[in-house]
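A short worksheet on the structure shown next.
The values are calculated or read from the model by the stated rules, or taken from the named source; none is laboratory data. This is a predicted model, so every value here is computed, not measured. All Cβ positions, glycine included, derive from the backbone under ideal geometry; neighbour counts span all protein chains shown. Only protein heavy atoms, including side chains, enter the accessible area calculation; ligands, DNA and RNA are left aside. Shrake-Rupley method; radii C 1.70, N 1.55, O 1.52, S 1.80 Å.
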Amino acid sequence: MTAGVLQAAGEAARQIQTVSWVLFVGALLIFSGVMALLAWSLRRRPGKASARLWIVGGGLVFPGLVLAALFAWQLPMSPAWKPVPPADALVVSVTGRMWWWDVRYRDPANGDDVFTANEIRIPVGRPIYLALASTDVIHSFWVPQLAGKLDMVPGRVQHLLLSADQPGTYRGQCAEFCGEQHARMALHVVALEPAAFDAWLAQQAAPAVAQVTPRQALGRQAFLANRCDACHSVRGLGGDSRLGPDLTHVGSRLQLAAGTLPNTQQGRERWIAHVQEVKTGARMPSYDRLDAQTLGAIADWLGALK
Ligand code: CUA
């Protein structure tokens, strides 16, 4: 599962890690040197050492040389931060919403859009070209183990290039205060072997499962009767609203409500009935007027939407 947040798991994150360590250790060395000089200056008797030499040398020449060296050193890395997508890159669109992540792929079979939410699955080793946008306020995309932070600005599309070396789950978090539930705006990047990724994408592109148990069929009916489809789209069920997360394959996701609840029967029931308690201010009312049987049936059906 999620390894240490400082453990770089991809090329983009590794570069940032190197720069961070060089800056940290360098700053530590310079700070120690300055402190040593300070201690020395307090001990020595006032004498003939030239003040001008220290000011020009220590205040101008030394920082000038250090900054110029750092600048020259990082120059070759800069293009990676303004990426041009390699030919084999997989393009994934991610839109920040209050307070969840709308994720869109292109179906390689027919070019149709494939939507999911709060979870980005990627193939290991392949460059991923993210198109980051927002429909409401400024959010910030940040998966520390894979890449740097990038703001998601309404009216703009910004790009981030990342890749994962190994299969695994990497946690991300919105890194720009975007309202009361900013803290509950997590996402997961799941890196899969290429074959497993292709299978996953093909499955996500398919319409929702139709074959369900009687209880789940009851849940599907209640979902429509309560007009959940006014905000949530379930492909194959009619309706195409993009107000809330696409639920076509919600059962296959790791978590609910952007990393807030586990995607279990209990988690789904709690979310539907107590949205405003779990995530105050979320753009969905609490459906606490549903009777236990109906609530259980809806949650059961959603869980079956693998
Ligand atoms: Cu979205 Cu903070």
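Of note:
- Principal-axis tilt of helix 214-225 within the chain, Cα atoms, nearest 10 degrees: 80
- Nonlocal amide H pairs with I122, under 5 Å, H built at 1.01 Å: V190, A191, L192
- Per-residue Karplus couplings for the stretch 63-69, computed as 6.51 cos²θ - 1.76 cosθ + 1.60 with θ equal to phi - 60°, are listed in order as x, x, 5, 4, 5, 5, 5 Hz, Gly and Pro entered as x.
- Cα long-axis angle, helix 194-205 against the chain (0 to 90 degrees, to the nearest 10): 50
- Note on the chain: with a GNM built from Cα contacts shorter than 10 Å, the maximum mean-square fluctuation among L29, L243, L150 falls on L29.
- Over the chain, DSSP H runs of length four or greater, each weighted -39,500 (n - 2.57), average out per residue to a 222 nm ellipticity of -11000 deg cm²/dmol.
- Within a Gaussian network of the chain (alpha carbon springs, distance under 10 Å), most fluctuating of R268, R121, R52: R52
- Degrees separating the helix 11-43 axis from the principal Cα axis of the chain, which is the longest one: 30
- Counted by Cβ distance under 12 Å from Q293, the other residues give a net charge of -2, where Lys and Arg count +1 and Asp and Glu count -1.
- Surface exposure of the stretch 113-255, expressed per residue as accessible area with a 1.4 Å probe, stands at 42 Å².
- Note: relative contact order over the stretch 112-154, using C-alpha pairs below 8 Å and six or more positions apart, is 31 percent.
- The stretch 195-306, relative contact order [Cα under 8 Å, separation at least 6], %: 32
- Using θ = phi - 60° in the Karplus curve 6.51 cos²θ - 1.76 cosθ + 1.60, the 3J(HN,Hα) couplings for the stretch 147-155 round to 6, x, 8, 9, 5, 10, 10, x, x Hz; x is entered for Gly and Pro.
- Result for the chain in a Gaussian network model with C-alpha springs under 10 Å: among M77, M185, M98, the largest mean-square fluctuation is at M77.
- Across the chain, the mean sequence separation of Cα contacts (distance under 8 Å, 6 or more residues apart), normalised by length, yields a relative contact order of 17 percent.
- Ranking V137, V124 by solvent-accessible area of protein heavy atoms (1.4 Å probe, all protein chains present), from largest to smallest, gives V137, V124.
- Loop-located trypsin sites (Lys or Arg not before Pro) in the stretch 206-251 (DSSP state other than H, G, I, E, B) with a sparse environment of at most 13 neighbouring Cβ atoms within 10 Å: R227.
- Sequence-ordered 3J(HN,Hα) estimates for the stretch 243-255 from the Karplus curve with 6.51, -1.76 and 1.60 and θ = phi - 60° stand at 5, x, x, 5, 10, 3, 10, 4, x, 8, 7, 6, 9 Hz, glycine and proline given as x.
- Percent accessible area from carbon and sulfur atoms, the stretch 214-303, protein chains only, probe 1.4 Å: 55
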